[in-house]
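All remarks here apply to the structure that follows.
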Amino acid sequence: MGIGLLTDIGTEELAHLEIVGSIVAQLTSGEGAKSFDRYGVGDYYVDHSNAVYPQNAAGAPFTSAYLQSKGDPIADLTEDLAAEQKARATYDNILRLSDDPDVNNVIRFLREREVVHFQRFGELLDIYQSKIKE
């Protein structure tokens, strides 16, 4: 159960990245440099045009240092649980900022999937913890 579940969640998380990237690309399609500058992200445009470049809201680029793993199933699953809650909270924040119904529908869907991932990781954690007690 564990390997299949982790593979399914990992595959779906990569799809989330693709979906968010598509939203950004659609929202910025046809936007020129002046528009990016008007919104205070002219520096981003200079480096990436309207391409999707993984970074946080403060502009710090994605790095593998964000990925935490210990090789211990209990520690790693606990980290996964926290990551799902952080993703859910980020989607909640996006929904508070966005007034675009089409974007909001997609973000709500992605948020729901993070909740499901949290539940599945919790189930897997319970399985591993019960094996330790045996």
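The values are calculated or read from the model by the stated rules, or taken from the named source; none is laboratory data. Note that this is a predicted model, so its numbers are computed, not measured. Backbone-built Cβ (ideal geometry, glycine too); neighbour counts: all protein chains shown. Quick note on the areas: whole protein, heavy atoms, side chains included, nothing else; ligands and nucleic acids left out. Shrake-Rupley method; radii C 1.70, N 1.55, O 1.52, S 1.80 Å.
May I ask which residue of L67, T7, G40 lies farthest towards the positive end of the charge dipole of segment 1-103, with charges of +1 (Lys, Arg) and -1 (Asp, Glu) on Cβ and the Cα centre as origin?
The residue sitting farthest along the positive end of the dipole is G40.
For the chain, modelled as a Gaussian network with Cα springs under 10 Å, which listed residue fluctuates most, V46, V20, V116?
V46
How much net charge surrounds N93 when only other residues with a Cβ under 12 Å from its Cβ are counted (Lys, Arg +1; Asp, Glu -1)? Write out the running numbers ahead of the final one.
Details: positive: K86, R88, R96, R111; negative: D92.
In short, +3.
Keeping the other protein chains in place, figure out the carbon and sulfur percent of the accessible area of the chain, with a 1.4 Å probe. Don't skip to the answer; put the middle values down first.
Numbers: 5230 of 9280 Å².
Carbon with sulfur: 56 percent of the solvent-accessible area.
Could you give the size of the charge dipole of the chain about its Cα centre, using +1 on the Cβ of each K and R and -1 on the Cβ of each D and E, expressed in debye and rounded to the nearest 20? Each step should come with its number before you reach the end.
Numbers: 12 positive and 22 negative charges, 37 e Å.
Here the size comes out at about 180 debye.
Rolling a 1.4 Å sphere over the protein heavy atoms, what is the accessible area per residue of the chain, to the nearest Å²?
Values: 9280 Å² over 134 residues.
Computed with neighbouring chains in place, this is 69 Å² per residue.
Please report the relative contact order for the chain, taking Cα pairs under 8 Å with a sequence separation of at least 6, and give it as a percent rounded to a whole number. Kindly include the intermediate steps, with their values, before the conclusion.
Values: 72 pairs, mean separation 29.0, N = 134.
In percent, rounded to a whole number, it is 22.
Quick one: P(r) of the chain from all Cα-Cα pairs, 5 Å bins, percents rounded to integers, in order of increasing distance.
P(r) for the chain, in whole percents per bin: 2, 9, 15, 19, 18, 13, 10, 6, 4, 2, 1, 0, 0.
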